[in-house]
Amino acid sequence: MAESKFKVLTNGIFKQNPIFIQVLGMCPTLATTTSAENGLGMGLATTAVLAMSNITISLVRNFIPDKIRIPSYIVIIASFVTMIDMLMHGFIYDLWKTLGLFIPLIVVNCIILGRAEAFASKNGVFRSFLDGLGMGLGFTASLVLLGSVREFLGNGSIFNYHLSDVKMFAMILPPGAFIALGMLAAFFNYLGIKRSKPKKAAK
Amino acid sequence: MATRLVFIFLSAILINNFVLSRFLGICPFLGVSKKTDTAVGMSIAVTFVMIMASIITWLLNIALDALGIPFLRTIVFILIIATLVQFVEIFLKKASPSLYDALGIFLPLITTNCAILGLALLNVQQNYTLLETIVNAAGAGLGFALALILFSTIRERMELSGVPEPFKGTAIALITAGLLSMAFMGFQGLVKL
Amino acid sequence: MTVVYSVLFMAILGIGAGVFLAFASAKFAVKSDPRITLIEAALPGVNCGACGFPGCSAFAKAIAEAKAPLDGCIPGKRSGVPEKLKVIMDTDAERLTALYEESGEDPEKALEKLLSSSGTEVKAAPPKPKRPTQEEIDSYKGKLKENSRAAVVFAILPNINCGICGSPGCAAFAIKVANKEENADKCVPGKRQNVPEKVAKIMALSQSEIQKIIEDTSGEPAEIKKKFES
């Protein structure tokens, strides 16, 4: 268990990427990636909540009785989500309006509860912070990737920077979300398979 | 009045299907839909929790607004949902152990089902009356059930087809969901709310 | 005032939810039969699969439902497990529940109480066999490449790495067997799969026959295993 702190951080980006490997947090992934910017905003908000809740839960992990730990985690996470919601409402109103319902829904993002249960309840404060940060960054990166793909195909731009005139509007609509994510997942699976094939041949 | 209720009901099931249009409840949608009988059991549990949760949260929302503490909405709502799911678990264990065993891990997972919290928040956002809330919840549950059961029947068949290696599992499920979502888009504009 | 209202509201809500759930869990309590728990406590807990069930929990369940023979647990035979299971199965549910609750819901304690009160002579359970670590398993698997006879033996072993044979993993055991340092009988889960007979066949082969097998199957354990399936 003496994982280096660096490994704790990068774990969430590649090896245990929340979206492509663990298949968690699907709802916000599909709903908020209509553009790269929205994906980035959602990802960063989730990262903030992840980091803060991981720290807090790690701090109080020895004081929470086992039987009520899940509801306690939920209350802690919900409090941070409410804070982020109000901050976004005040300071980045346009993004807040676009993300809408999905900001309070960060509470039920399985990633946050999952990491609280799997990591923060058993590890020290700084490592829990790194784990939360890593998972959040992995989540954000995946969101930005999906958002860029959808925005590029659907609007011909990335981060509102106009690049092409191809506009497949369907990509911005719900079906496009499912299909784009499915194709990306298949692509990453393919990379994973290719990686393990040379190892098999060497045996 | 009655027409408005019918509109809300239809909208929740077909036009703005919670899973395929609103992207709520995707995790159980992808996770539980491998077999049709678990899909049916899950749908029933979710619909029940949806209706109960909507009623209780709607009532509590009045208290929150009256006391001037609307910012507590998210925390209060999720607590109610968590409590309700816990209660359903306890009740099912006694009343129907077979269903309890069949649902297994998915029962506590209903708490993190964004569809239920999303539904509760939507009811409040759209200022529905209590009756409209109940109808919306019933529709949402049925819409979820429809999407889930349809999807599970397709997936059961896909198990037997020759899916290329990289696409196996989540990837082909997502693409299929996309096609299903496209089909449901055909209902757009069916009812003007 | 907002702060007061918030605190009061959350407090009432929290207490209300807690009381509601406590009441519900008491009212809808399901008395679970401690029989399975006690059976599990009597088993070695190695999850070797020799009984034919997927793990000790599954075997315990089957015993409780009278779907498995009492002497099905082969590693347990040495430590008197069949006798213990007989005592548990012969006791009625009420007495078991009472004993279980008396022992503060500790399965080991309850089992001790039950056995001593029934007057059965209980042999002390041998220390639980050590399961090898992943590093040990991998390092011995690597060594198989140097010993082709061991590789063939390894292919016909159950490959569960339960540790009952005393060696750190099936690969290590295979190497010892190939070097005639160990008796294939020690593989308890393997008895069901005719491992001793297959090992006898392998040991009777010449080195060139061993080489041929490796070549024919490109060293794939599954293919090698097929060759010894009669």
Query - Anchor residue C:145: aspartates and glutamates whose Cα lies under 14 Å away (excluding residues fewer than 8 positions away in-chain) - result: C:215, C:220
Report summary line: Taking a straight Cα-to-Cα line shorter than 29 Å from residue C:27, and setting aside same-chain lysines fewer than 8 residues away, one finds A:67, B:93, B:94, C:61, C:109
Requested in this report: Using the charge dipole of the protein assembly as shown (Lys, Arg: +1 at Cβ; Asp, Glu: -1 at Cβ; taken about the Cα centre), state which of A:47, B:26, C:154 has its Cα farthest towards the positive end.
Outcome: C:154
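Determine the equivalent ellipsoid of the stretch C:106-219 by diagonalising the alpha-carbon gyration tensor, then write out the semi-axes as square roots of 5 times the eigenvalues, largest first, rounded to whole Å. Numbers along the way, then the final one.
Values: eigenvalues 272, 48, 20 Å².
Each semi-axis is the square root of five times an eigenvalue, giving 37, 15, 10 Å.
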Report task. For peptide C:211-219, compute the average count of partner chain beta-carbon atoms within 10 Å of each residue's beta-carbon. Result -> 0
Query - Estimated inter-spin distance, residue C:180 and residue B:153, nm [label 7 Å along Cα→Cβ] - result: 6.8
Query raised in the report: In chain C, which cysteines lack any other cysteine Cβ under 4.7 Å from their own?
Result: C:51, C:56, C:73, C:165, C:170, C:187
Report summary line: Shielding of B:92-100 by other chains, given as the mean Cβ count within 10 Å, works out to 2
Query - Whole-Hz couplings from phi, Karplus 6.51/-1.76/1.60, listed for the stretch C:88-93; x for Gly and Pro - result: 4, 5, 7, 8, 7, 4
Report task. Can you tell me the 0 to 90 degree angle between the C-alpha axis of helix B:73-95 and the longest principal axis of chain B, rounded to 10? Result -> 60
Query raised in the report: To the nearest 10 square angstrom, how much accessible area does residue A:93 have with a 1.4 angstrom probe?
Result: 100
Query raised in the report: Once phi is turned into ³J(HN,Hα) by the Karplus curve 6.51 cos²θ - 1.76 cosθ + 1.60 with θ = phi - 60°, what whole-Hz value does each residue of the stretch A:47-53 show in order, with x for glycine and proline?
Result: 4, 4, 5, 4, 4, 5, 5
Query raised in the report: Can you list residues whose amide H is under 5 Å from residue B:19's amide H, if they're 5+ apart or on another chain and H is modeled 1.01 Å from N?
Result: B:24
**Report entry** Whole-Å semi-axes of the ellipsoid equivalent to the protein assembly as shown (Cα gyration tensor, √5λ, descending)
**Finding:** 50, 34, 23
Report summary line: Sorted by chain and number, the residues with a modelled amide H under 5 Å from that of residue A:158, at a separation of 5 or more or across chains, are A:163
Report task. Could you point to the residue in A:123, A:81, A:96 farthest towards the positive end of the stretch A:81-131's charge dipole, with +1 and -1 charges on the Cβ of Lys/Arg and Asp/Glu respectively? Result -> A:123
Query - Paired Rg and Dmax values of chain C, which use every Cα atom, in angstrom - result: 25.5, 91
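For the protein assembly as shown, what is the calculated [θ] at 222 nm in deg cm²/dmol (nearest 500), taking -39500 (n - 2.57) for each run of four or more DSSP H residues and dividing by its residue count? Present the calculation step by step, with values, prior to reporting the outcome.
On the way: 29 runs with 402 residues, N = 626.
Taking each H run of at least 4 residues, the total per residue is -20500 deg cm²/dmol.
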Requested in this report: Using Cα centres only, tell me the gap between the stretch A:1-36 and the stretch C:23-89 in whole Å.
Outcome: 40
Requested in this report: When a/c is below 1.5 the answer is rounded, else prolate if a/b is larger than b/c, else oblate, so apply that to chain B with a ≥ b ≥ c taken from the square roots of the Cα gyration tensor eigenvalues.
Outcome: oblate
Query raised in the report: Mind checking the mean number of beta-carbon atoms from other chains within 10 Å of the Cβ atoms in A:22-31?
Result: 6
Requested in this report: Please report, in whole Å, how far the alpha carbons of chain A spread along each principal axis, starting with the longest.
Outcome: 58, 57, 26
Report task. Positive end of the charge dipole of chain B (Lys, Arg +1 and Asp, Glu -1 on Cβ, about the Cα centre): tell me which of B:15, B:177, B:86 has its Cα farthest that way. Result -> B:15
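Please report, in debye to the nearest 20, how large the charge dipole of the stretch B:51-193 is about its Cα centre when each Lys and Arg carries +1 at its beta carbon and each Asp and Glu carries -1 there.
On the way: 7 positive and 7 negative charges, 12 e Å.
In debye, rounded to 20, the stretch B:51-193 gives about 60.
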Query raised in the report: Along the stretch C:193-200, what does the Karplus equation 6.51 cos²θ - 1.76 cosθ + 1.60 (θ = phi - 60°) give for ³J(HN,Hα), rounded to whole Hz, x for Gly and Pro?
Result: 9, 6, 4, x, 5, 5, 5, 4
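Calculate the dipole size of the protein assembly as shown relative to its Cα centre from +1 charges on Lys and Arg beta carbons and -1 charges on Asp and Glu beta carbons; express the result in debye to the nearest 20. The partial results should precede the final answer.
Working: 60 positive and 46 negative charges, 253 e Å.
The dipole magnitude comes to about 1220 debye.
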Query raised in the report: How do A:165, A:85 stack up against each other in accessible area, from largest to smallest, with a 1.4 angstrom probe?
Result: A:165, A:85
Report summary line: Taking only protein heavy atoms and a 1.4 Å probe, the highest-to-lowest accessible-area order of C:108, C:135, B:132 is C:135, C:108, B:132
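So for the stretch B:143-193, Kirkwood radius off the Cα pairs, Stokes-Einstein at 37 °C and 0.692 mPa s: how many µm² s⁻¹?
Numbers: Rh = 12.3 Å.
Estimated diffusion coefficient is 267 µm²/s.
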Report summary line: What the Cα atoms of the stretch C:34-76 span along the principal axes, largest first and in whole Å, is 23, 18, 16
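The values are calculated or read from the model by the stated rules, or taken from the named source; none is laboratory data. All values reported here derive from a predicted model rather than from experimental measurement. All Cβ positions, even for glycine, are placed from backbone atoms using ideal geometry, and neighbour counts span all protein chains on display. Note: areas computed on protein heavy atoms with side chains; ligands, DNA, RNA excluded. Shrake-Rupley method; radii C 1.70, N 1.55, O 1.52, S 1.80 Å.
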